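The values are calculated or read from the model by the stated rules, or taken from the named source; none is laboratory data. What you see is a predicted model; the values in this text were computed from it and never measured. Note: ideal-geometry Cβ built from the backbone for every residue, glycine included; neighbour counts use all protein chains shown. Just the protein is used for accessible areas: all its heavy atoms, side chains included, with ligands, DNA and RNA removed. Shrake-Rupley method; radii C 1.70, N 1.55, O 1.52, S 1.80 Å.
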Amino acid sequence: MADKVRRQRPRRRVCWALVAVLLADLLALSDTLAVMSVDLGSESMKVAIVKPGVPMEIVLNKESRRKTPVIVTLKENERFFGDSAASMAIKNPKATLRYFQHLLGKQADNPHVALYQARFPEHELTFDPQRQTVHFQISSQLQFSPEEVLGMVLNYSRSLAEDFAEQPIKDAVITVPVFFNQAERRAVLQAARMAGLKVLQLINDNTATALSYGVFRRKDINTTAQNIMFYDMGSGSTVCTIVTYQMVKTKEAGMQPQLQIRGVGFDRTLGGLEMELRLRERLAGLFNEQRKGQRAKDVRENPRAMAKLLREANRLKTVLSANADHMAQIEGLMDDVDFKAKVTRVEFEELCADLFERVPGPVQQALQSAEMSLDEIEQVILVGGATRVPRVQEVLLKAVGKEELGKNINADEAAAMGAVYQAAALSKAFKVKPFVVRDAVVYPILVEFTREVEEEPGIHSLKHNKRVLFSRMGPYPQRKVITFNRYSHDFNFHINYGDLGFLGPEDLRVFGSQNLTTVKLKGVGDSFKKYPDYESKGIKAHFNLDESGVLSLDRVESVFETLVEDSAEEESTLTKLGNTISSLFGGGTTPDAKENGTDTVQEEEESPAEGSKDEPGEQVELKEEAEAPVEDGSQPPPPEPKGDATPEGEKATKKKK
């Protein structure tokens, strides 16, 4: 019997070894399952995760709070984040950075840079000659760009998520304001790369809020379109969005709910921060009046005292939203002198009277962009912390003409929950119920090029042409192909923003340059020399506006075609080869391609606003490509070409006679 036992021991060892290997594989697999979202606000951020057994949960920070201040304190050898940094703002205001997202993607001469300097004079902003942007100069040896500071915050948010999930996390969906342009979106992606995050998508915060609302009310969505308006007033800005919910038929999953962004309006500087700054100025004036006869210094010259006043103004704004008056009090505000003053809600509303007049502005912009009227809006829902101010609600209710405003959504956490649902949908580790999201382009993008034309025999002139790639309020993600049919030599074209007439003069100054990039094509002439006997099908430029709203030029190719006679014995092979090449490079059309793609639009003339009419015979194609399912949306888009862009390949497309 002992012999038998000894013979079984090796088998037991093998079994235990197999179990250990399986457990190791499961643990390795579980390490890749969790995904996170970061709702990056101006004042605070909310982090949410999804992992097996924890569906869509808001992460608690180290102080067990559901939202974390977006504040960073930088010293020579240490850094503080969140609530720790907020407490350090009183002791070391110069090294404590906040609201730095307003500087992302901004050149040094941007009005928002000057506005930031006026609001926070304790920070020293230095010019970066290489990038034409600004740095935070903390000390003589320490300086950081806004992107680097944001990268630190994103890295801290990941550490919070990993501690909560008890496993490593790399995949994330990050919310950005809908009014962010290409430069600002690329700045956020750069910051995420510094933090080591794999960005599945940059989702607009208004879209994330709308997705959260729809996911939790899936049963209420039917084939009848429902138009909902979301009014989001946060700390730094205000956004109004019109969303249409409806059940639609999809090829993959049949009838599924869909949200479509129909209209967007925004005000970049209208928010709770501006109200707090005005309250701070009022409190500073009251303190100076109390010490008028004592030959004391102006409290505005003391950064620590102003940091204390800003914190008290934030508390005062919150309390006055529920009370008619309140006593502001700060111990040892300056020179060991206490401050105490009574402030009423009426005084607060008088200070911000011009701000409240701007409340209806985003509503009108959203209605205009959606080409809708208020009668078509079924409900107006409040989002964002600043909408809790009673005067804001009064003005908004009067502007929309409804009986009441909807408050049936978590104003603070809706965007974070919508973003983490999208993160789970994009991740390969989770399977969620489909919810179709059709986001909209806010800033139109077009291609401009100049060509030499012969108006009369011997008389040549230059003609400027414009072609709209992505129109305003058009859906994305989307791919487009533009074909240049009249070029046989190297040439340049420009990628610019389109008509921005819906922006005011001040918003245009904040927007910055309207030129995205200039593409210089080389090798066009060589390709024509290489295939002299082939028929040119033009130079095709392939553009992609991805899920994050970031534009990229995927490739440029020169396409040629020729007719080939096939012998009887070679017919089958050459036919297959020709059809394959045609389907690859756009020379032929297969039933599948015809079903998934869209028809080519021949733009033979333009509206007067876009340019003069093309002469007969000129064909500049603008074609949409079928959007293939994206397996990995986290891949950062290739950078826009800054210099020369050589055609990726010279394709010779063969067609059977």
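Which pairs turn up if I take residues in segment 87-104 that are free of Cβ contacts under 8 Å to residues at least 24 places away in the same chain and look for partners that are open to solvent by 10 Å² or more (accessible area, probe 1.4 Å) and not in a loop (DSSP other than H, G, I, E, B) with beta carbon separation below 7 Å, at least 6 apart in sequence or on another chain?
Met88/Phe80
Residues being among the aliphatic types (A, V, I, L, M) and either outside any helix (DSSP H, G or I) or touching a Pro at 6+ places or on another chain (Cβ under 7 Å) (or both): count how many of those fall in segment 397-419.
Going through segment 397-419 one residue at a time, the tally reaches 4.
When segment 449-484 is examined, which residues are found to be of a type in the set (A, V, I, L, M) and surrounded by 10 or more Cβ atoms within 10 Å (Cβ to Cβ)?
Within segment 449-484, Val453, Val468, Leu469, Met473, Val481, Ile482 qualify.
Out of all the residues in segment 316-329, which are touching a Leu at 6+ places or on another chain (Cβ under 8 Å) and either among the hydrophobic types (A, V, I, L, M, F, W, C) or open to solvent by less than 20 Å² (accessible area, probe 1.4 Å) (or both)?
Leu316, Ala328
Only residues that are open to solvent by less than 50 Å² (accessible area, probe 1.4 Å) and under 23 Å from the mean Cα position of the chain (by Cα): list them for segment 433-448, please.
Those that are open to solvent by less than 50 Å² (accessible area, probe 1.4 Å) and under 23 Å from the mean Cα position of the chain (by Cα): Phe435, Val436, Val437, Asp439, Ala440, Val441, Val442, Tyr443, Pro444, Ile445, Leu446, Val447.
The rows are residues; the columns are (1) at positive phi; (2) in contact with a strand residue (DSSP E or B) (Cβ under 8 Å, 6 or more places away or on another chain); (3) surrounded by fewer than 20 Cβ atoms within 10 Å (Cβ to Cβ); (4) at pLDDT 95 or above.
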residue: Val264; (1), (2), (3), (4): no, yes, no, yes
residue: Gly293; (1), (2), (3), (4): no, no, yes, no
residue: Asp298; (1), (2), (3), (4): no, no, yes, no
residue: Arg311; (1), (2), (3), (4): no, no, yes, no
residue: Asn314; (1), (2), (3), (4): no, no, yes, no
residue: Glu331; (1), (2), (3), (4): no, yes, yes, no
residue: Met334; (1), (2), (3), (4): no, no, no, no
residue: Asp338; (1), (2), (3), (4): no, yes, yes, no
residue: Lys342; (1), (2), (3), (4): no, yes, yes, no
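Here is a yes/no grid of residues against (1) β-branched (Val, Ile, Thr); (2) surrounded by 16 or more Cβ atoms within 10 Å (Cβ to Cβ); (3) modelled with pLDDT under 95; (4) out of contact with any Phe, Trp or Tyr (no Cβ under 8 Å at 6 or more places or on another chain):
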residue: Gly214; (1), (2), (3), (4): no, yes, yes, no
residue: Arg218; (1), (2), (3), (4): no, no, yes, no
residue: Tyr231; (1), (2), (3), (4): no, yes, no, yes
residue: Val243; (1), (2), (3), (4): yes, yes, no, no
residue: Thr250; (1), (2), (3), (4): yes, no, yes, yes
residue: Met255; (1), (2), (3), (4): no, no, yes, yes
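Is it the case that segment 538-550 has a residue that's farther than 30 Å from Phe180 by Cβ and touching a residue at least 12 places away in the same chain (Cβ under 8 Å)?
Checked against the condition, which is being farther than 30 Å from Phe180 by Cβ and touching a residue at least 12 places away in the same chain (Cβ under 8 Å), segment 538-550 yields at least one hit.
This table checks each residue for (1) under 16 Å from Gln201 (Cα atoms); (2) at pLDDT 95 or above; (3) among the acidic types (Asp, Glu).
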| position | (1), (2), (3) |
| --- | --- |
| Val400 | no, no, no |
| Asp412 | no, no, yes |
| Leu426 | yes, no, no |
| Leu446 | no, no, no |
| Pro457 | no, no, no |
| His464 | no, no, no |
| Val481 | no, no, no |
| Asn485 | no, no, no |
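Listed residues Ser513, Ser471, Ser461; which is farther than 30 Å from Gly263 by Cα and assigned by the TED database to the domain that holds Ser552?
Only one candidate passes the filter, namely Ser461.
Under the condition of being in contact with a His (Cβ under 7 Å, 6 or more places away or on another chain) and among the hydroxyl-bearing types (Ser, Thr, Tyr), which residue from segment 117-170 is surrounded by the most Cβ atoms within 10 Å (Cβ to Cβ)?
In this case the residue turns out to be Ser145.
How about segment 1-120: which strands (runs of 3 or more DSSP E) wholly inside it have at least 1 residues that are among the small types (Gly, Ala, Ser) and at pLDDT 90 or above?
35-40, 44-51
Based on this model, can you work out whether Glu276 counts as under 30 Å from the mean Cα position of the chain (by Cα) and either modelled with pLDDT under 95 or in a helix (DSSP H, G or I) (or both)?
Yes; evaluated as a whole, the condition is true for this residue.
Would you point out the residue of segment 536-594, among those that are buried (at least 17 other Cβ atoms within 10 Å of the Cβ) and among the acidic types (Asp, Glu), that is modelled with the lowest pLDDT?
Within segment 536-594, the match that is modelled with the lowest pLDDT is Glu561.
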